[in-house]
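Colleague: Can you read through this structure? Questions will come right after.
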Amino acid sequence: MTDLATLYDGKVIPFLRPGPRPDRTRSDGWQLWRATLDGFTAAPRLSEREHARLGARHQTLYDLHRTATHANLRLLETPMSARVSELMQRRLQNNAVKWNPGTMDGLMVSGGGKQGKTETVCRALAVFEELWRSLCGEMYAKPPPGTRDEFVPVAYCRLPVRSRPKALCQSILDVFGDPHPKTLHDLVRATRDSLRGHRTSALVIDDVTRLRLHREDDQDTLDLIREVMDLDVTLVLVGVDIPHSGLLRDAYYDSRTGQWIFPETKHGKSFNPQASTQTERRFDVVELDPFEYSTPSGIAAFLEHLAGIEDQLRLLRQIDGMLTSGEMPEYLFRRTRGVVGLLNRLIEDACSVAISTGVEQLTPDLMARVSIRLSDLDDLDPESGEVPDIPADSVPPKPRRRVRNTVFDDHGHRDAAGV
Ligand SMILES: Nc1ncnc2c1ncn2[C@@H]1O[C@H](COP(=O)(O)OP(=O)(O)OP(=O)(O)O)[C@@H](O)[C@H]1O
Ligand SMILES: [Mg+2]
């Protein structure tokens, strides 16, 4: 049996945070987040009998540790997140080693609410930073002459709900802790100086679809975003349903390269006098989809994800295949429509019910008692489509209507055409 005394009787309880969660939108918070990435220690596995033998204090702490483990499920690679990460790595690396002048191609990551956009992008950004620091950390150890700007290779910022152009610049400046000038023109100039001074290679603007982009007079905002691309960084825009958000207004699709192109702006004022020399700006738009449950490969990927989650659960009566066999996968898919964030939320809450009721196992019946409630609703912008559509139906499947999962069945040889 694991020695819980070493875990819980020291000065530091391993599953309690030493302070507030790091704010990734500030460069020091981002570094703290990177340093503690995957640092969470999951609760050990105990059998029911071992649990019963614990003293009252250890039992309470262990149950709290299990709850924390269920609330901090690890990020699992999915086929959808792998696609986004690969594209992002490629784009960031290619741009970072460019010597020739010219606007760098950008990337837009689009998807529905709670589909894992932020976490996927932040992880990919952290991987790139690791590489970039190892290559240029020494070269950039000293600030540029005449400044005290430290090396900040990647910058991650989020937009507040219903933002205006000024808020975009302010969010970028806040990453570096740099002051906000008053006028928009000065803000744009300060933003450019900050990104240059800190030798930033990648700038992520999350929740970009919060910008008011639907109205004609929002042209300023669009112009500004395009001009941010001229600031010698790889711009990664993340938002809900970008193709319908108005962000691609004026852009056209180039079927040869599969990219979206913003032609040179002909109207309105330019925030950046140097921008007049630019010709066009190119973006890849990549969708981060939810799981799907209509093809063998889609079902197999969902089952693999469920197996990855199950492995992290610490219920005293859990059995192998608790999430991946019988009615459970279809039920979980129906409850969440394959959205990773909703799935995590449902499992976390269902585990709490399983612990508090002593059931200590997840079953469709137990899950039917749990509604998916998002804890961060105040932080979501319904107007931008950030609040996901949560299926209302929580009825467990009828036991008699068993549908056998055929995903691993041998369907015989098929040739490349699938016939
Ligand atoms: N690949 C993954 N594996 C496991 N859990 C994931 C994965 N991706 C995201 N999650 C979890 O799903 C939840 C939502 O993720 P995230 O915040 O990245 O989604 P989002 O699409 O950015 O949501 P929003 O629309 O609110 O901005 C988080 O709890 C996150 O840990
Ligand atoms: Mg997000």
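The values are calculated or read from the model by the stated rules, or taken from the named source; none is laboratory data. Note that the structure is predicted; figures quoted are calculated from it, not measured. Every residue, glycine as well, gets a Cβ built from its backbone with ideal geometry; the counts of neighbours run over all protein chains shown.
Colleague: Do the conditions hold for Glu348, that is, is it in contact with a Pro (Cβ under 9 Å, 6 or more places away or on another chain), in the same structural domain as Glu360 (by TED's automatic domain parsing) and outside any loop (DSSP other than H, G, I, E, B)? Show your work before the answer.
Modeller: Details: in contact with a Pro (Cβ under 9 Å, 6 or more places away or on another chain): no; in the same structural domain as Glu360 (by TED's automatic domain parsing): yes; outside any loop (DSSP other than H, G, I, E, B): yes.
For Glu348, the condition - in contact with a Pro (Cβ under 9 Å, 6 or more places away or on another chain), in the same structural domain as Glu360 (by TED's automatic domain parsing) and outside any loop (DSSP other than H, G, I, E, B) - is not met.
Colleague: A further question follows. Check off (1) closer than 27 Å to Gly246 by Cβ; (2) modelled with pLDDT of 80 or more; (3) part of a loop (DSSP other than H, G, I, E, B); (4) within 24 Å of the chain's Cα centre (by Cα) for Val152 and give me the number that stays unchecked.
Modeller: (1)
Colleague: Could you say whether any residue in region 132-153 is touching a residue at least 12 places away in the same chain (Cβ under 8 Å), within 16 Å of ligand 1 (Cβ to nearest atom) and closer than 28 Å to Trp260 by Cβ?
Modeller: no
Colleague: If I ask for residues that are modelled with pLDDT under 90 and buried (at least 19 other Cβ atoms within 10 Å of the Cβ), which ones from region 155-166 would you list? Walk me through how you get there before you give the answer.
Modeller: In the first step, residues of region 155-166 are kept if they are modelled with pLDDT under 90; the result is 159-166.
If the condition is that a residue be modelled with pLDDT under 90 and buried (at least 19 other Cβ atoms within 10 Å of the Cβ), then Leu159, Ser163, Pro165 are the ones that fit.
Colleague: Looking at His65 and the list (1) in contact with a strand residue (DSSP E or B) (Cβ under 6 Å, 6 or more places away or on another chain); (2) buried (at least 19 other Cβ atoms within 10 Å of the Cβ); (3) not in a loop (DSSP other than H, G, I, E, B), which single condition is not satisfied?
Modeller: (1)
Colleague: Which ones in region 169-192 are under 22 Å from Gly137 (Cα atoms) and modelled with pLDDT under 90?
Modeller: If the condition is that a residue be under 22 Å from Gly137 (Cα atoms) and modelled with pLDDT under 90, then Arg192 is the only one that fits.
Every residue, every condition in (1) within 16 Å of ligand 2 (Cβ to nearest atom); (2) surrounded by 12 or more Cβ atoms within 10 Å (Cβ to Cβ), yes or no:
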{"site": "Ala5", "(1), (2)": "no, no"}
{"site": "Lys11", "(1), (2)": "no, no"}
{"site": "Gln31", "(1), (2)": "no, yes"}
{"site": "Gly55", "(1), (2)": "no, no"}
{"site": "Thr60", "(1), (2)": "no, yes"}
{"site": "Gly113", "(1), (2)": "yes, yes"}
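Colleague: Could you figure out which of (1) under 23 Å from Glu310 (Cβ atoms); (2) assigned by TED's automatic domain parsing to the domain that holds Leu315 isn't true of Leu32?
Modeller: Condition not satisfied by Leu32: (1).
Colleague: Continuing with this model, one more query. Residue pairs, Cβ under 7 Å, 6 or more apart or interchain, first in region 285-314 and farther than 24 Å from Glu386 by Cα, second among the small types (Gly, Ala, Ser). List them.
Modeller: Once the first residue is farther than 24 Å from Glu386 by Cα and sits in region 285-314, its partners that are among the small types (Gly, Ala, Ser) give Gln312/Ala42; Arg314/Ala43.
Colleague: Now for a separate question. Does any residue of region 50-60 turn out to be in a helix (DSSP H, G or I), within 16 Å of ligand 1 (Cβ to nearest atom) and at negative phi? I'd like the intermediate steps shown before the answer.
Modeller: Residues of region 50-60 in a helix (DSSP H, G or I): 50-52, 56-60.
Those left that are additionally within 16 Å of ligand 1 (Cβ to nearest atom): none.
No, because not a single residue in region 50-60 is in a helix (DSSP H, G or I), within 16 Å of ligand 1 (Cβ to nearest atom) and at negative phi.
Colleague: A follow-up question, please. Take the conditions buried (at least 16 other Cβ atoms within 10 Å of the Cβ), modelled with pLDDT under 95 and farther than 15 Å from Val353 by Cβ and apply them to Gly308. Does it pass?
Modeller: Values: buried (at least 16 other Cβ atoms within 10 Å of the Cβ): yes; modelled with pLDDT under 95: no; farther than 15 Å from Val353 by Cβ: yes.
So Gly308 fails the test.
Colleague: Quick one: what pairs do we get from region 40-53, first residue touching a residue at least 12 places away in the same chain (Cβ under 8 Å) and in the same structural domain as Gln318 (by TED's automatic domain parsing), second of a type in the set (Val, Ile, Thr) and part of a loop (DSSP other than H, G, I, E, B), C-beta under 6 Å, 6+ apart or different chains?
Modeller: Here the result reads Pro44/Thr2, each pair linking region 40-53 to a residue that is of a type in the set (Val, Ile, Thr) and part of a loop (DSSP other than H, G, I, E, B).
Colleague: Let me ask you something else. Only one residue in Met80, Met88 is surrounded by 17 or more Cβ atoms within 10 Å (Cβ to Cβ) and in contact with a strand residue (DSSP E or B) (Cβ under 7 Å, 6 or more places away or on another chain), so which one is that?
Modeller: Details: Met80 fails: in contact with a strand residue (DSSP E or B) (Cβ under 7 Å, 6 or more places away or on another chain).
From the options Met80, Met88, the qualifying one is Met88.
Colleague: Just checking, which of Val233, Val204 is under 23 Å from Thr118 (Cα atoms) and touching a Ser or Thr at 6+ places or on another chain (Cβ under 7 Å)?
Modeller: Val233
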